[in-house]
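Take a look at the structure set out below.
Nothing in this text is a laboratory measurement; each read-out follows from the coordinates by a stated rule. Not measured: the values here are computed from a predicted model. Here the Cβ is made from the backbone with ideal geometry for all residues, glycine too, and neighbour counts use every protein chain on show.
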Amino acid sequence: MKITQAIKMAFASICSTKLRSFLTMLGIIIGVMSVTVLVSIVQSTTNNVSDTLSQLGGNVISATVTSRRSNKITTSDLKSLENNPAIESVSPIISGSSTAKASGNSSSVTLKGITEEYEDIQNISVQKGRYILDVDNDNRLQVCLIGVTAAKDLFGHTDVEGETIRISGRNFKIIGVLEEDGSSQRDSNDSVIYTPFTTAQRIMQNSTISSFYVSATNEGMLNMAESAVDSFLLEKTGDEDSYTITNQSDIADSVSDVTNSMTYMIGGIAGISLLVGGIGIMNIMLVSVTERTKEIGIRKAIGAKKKDILAQFMIESTVLSCMGGVIGIALSAATIFGMNQLMSADYTISAGISLIALAFSAILGIVFGLYPANKAANLKPIEALNL
């Protein structure tokens, strides 16, 4: 029997019992859909984080003092760090939530106080206007940079250079608009307003530096720069538990470990669902063999060989399983599209995972269809016709 003929017979059998076939495929559909959607979300999130980290560069260190009882760190203290040959620049940062008002509109924003060095350390780009300079910090000027989302919320457009906004009861002149980064994360630059560090300290009534970034001279000097920061903070706080130091490499490794663990966990859960679906296929194929015993007997009586019967039922179970896989992938694509529209996310369906899920569903069809197909092939014509 030709393969094309066996496939046609398989589709005819599936279509003759549409509801039963669909319920049989349901386990495969759910398994393929769950693994494809969840792994695609995890991989998309990982890629977004990796892109963000790569933009920051592999030579950036962040330090945070967690204890309020530690000695105060001043700007001059941080300047002394720059004397280390392993350190290129240091930038303190202060951040908090605030409400910005303009043109009769108000918006909750993240307010960050930064220095001129922050631009190079964090690769911040300004699409229009200028960046915050040392002179702005020296004179505590009430100027700011604004993200595109914050600008649209307040003014309805992004051509806002020179406009005035009100933050915490103070008027700020917009000196620049940041490049759109398109990130859906809450702390995206699109929703942030940057002011001079000294100005932000006055607004937040906080003269203490508790967080700062350090840029190593190059990636090869990263460990030396981290050791210098560690020694500096230990001297200032007197307790190594009073501060935390992280670098982009550590963060990337942590993200990779977490996402790999999540992928394995999701794969395991979805694998169980697929196995259940495979058992369902075997069950329904056994029922099909019982229902079609006379058909099998007639085919054998007119010359069908054992391998023909085996191939017919194997192909039928494989087609059933693959159809479930295809439907699962189609529903996965629709789910990802819907999530992107509703959540303004940027998830992409993983082609690799989709192909693996489809291949796995085909293998399940072969494995779980083998026993029913073998049972059908071993039926004796006389016994089959007498049933």
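Packing-based ranking of 80-92, 294-306, 28-40 yields 28-40, 80-92, 294-306, ordered from highest to lowest mean Cβ neighbour count within 10 Å. Extension gain, Glu240 to Leu355: 0.36 nm times the residue separation minus the Cα-Cα distance gives 36.5 nm.
Going through the cross-link list Lys128/Lys236; Lys152/Lys236; Lys79/Lys101; Lys72/Lys112, which pairs have a Cα-Cα distance over 31 Å in this structure? Before the final figure, lay out the partial values.
Values: Lys128/Lys236 40 Å; Lys152/Lys236 43 Å; Lys79/Lys101 35 Å; Lys72/Lys112 20 Å.
The pairs that break the limit, which is 31 Å between Cα atoms, are Lys128/Lys236; Lys152/Lys236; Lys79/Lys101.
Look at the dipole of the chain built from charges on Cβ: of Ser108, Thr75, Val135, the Cα furthest out on the positive end belongs to Ser108.
Rounded to two decimals, the Cα radius of gyration of region 13-154 over 2.2 N^0.38 Å is 1.74. A dipole drawn for the chain from +1 and -1 charges on Cβ atoms has a positive end, and of Ile193, Tyr243, Ile3 the residue lying farthest that way is Ile3.
Percent antiparallel among DSSP beta bridges with both residues in region 68-238, to the nearest 5? That works out to approximately 75 percent antiparallel. Residues of region 254-285 with an amide N closer than 13 Å to a point placed 7 Å from the Cα of Thr17 along the Cα-to-Cβ direction: 280-285. What the pair-distance distribution of region 208-325 shows, using all Cα-Cα distances binned every 10 Å from zero, is 10, 22, 15, 10, 9, 10, 10, 9, 4, 0 percent. A straight chain from Ile272 to Ser168 at 0.36 nm per residue would run longer than the Cα-Cα distance by 32.0 nm.
Counting only DSSP beta bridges with both residues in the chain, what percent are antiparallel, rounded to the nearest 5?
Details: 35 of 44 bridges.
Close to 80 percent.
Across all directions, the shadow cast by the convex hull of the chain built on its C-alpha atoms averages 26.1 square nanometres.
Mind giving me the FRET efficiency for Lys152 and Val258? R0 is 30 Å, r the Cβ-Cβ distance, nearest 0.05 is fine. Numbers along the way, then the final one.
Details: r = 33 Å, r/R0 = 1.10.
Efficiency for this residue pair is about 0.35.
Rg/Rh, computed from the Cα trace of region 68-238 with Rh as the Kirkwood radius, has the value 1.00.
Subtracting the Cα-Cα distance from 0.36 nm times the residue separation, let me have the gained length for Ile366 to Asp250 in nm, one decimal.
Working: separation 116, 0.36 × 116 = 41.76 nm, distance 4.41 nm.
Gain on stretching Ile366 to Asp250: 37.4 nm.
For Lys294, the aspartates and glutamates whose Cα falls under 19 Å of its own Cα, not counting residues fewer than eight places away in the same chain, are Asp308, Glu316, Glu383.
Order the peptides 262-268, 314-320 from the highest to the lowest mean number of other Cβ atoms within 10 Å of their residues. Let's see the in-between values first.
Numbers: 262-268: 14.7, 314-320: 24.3.
In decreasing order of mean packing, 262-268, 314-320 become 314-320, 262-268.
Simple point charges give the picture: +1 on the Cβ of Lys and Arg, -1 on the Cβ of Asp and Glu, and for the chain a dipole about the Cα centre of about 2920 debye. With each label modelled as a point 7 angstrom along the Cα→C-beta vector, the Met9-Leu286 pair spans 2.3 nm.
The C-alpha atoms of the chain define a longest principal axis, and helix 248-291 lies at about 20 degrees to it.
Judged by the mean number of other Cβ atoms found within 10 Å, the most tightly packed of the peptides 214-222, 71-79 leads the ranking 214-222, 71-79. Between Gly278, Gly352, Gly27, the GNM of the chain built on Cα springs shorter than 10 angstrom shows Gly352 fluctuating the most.
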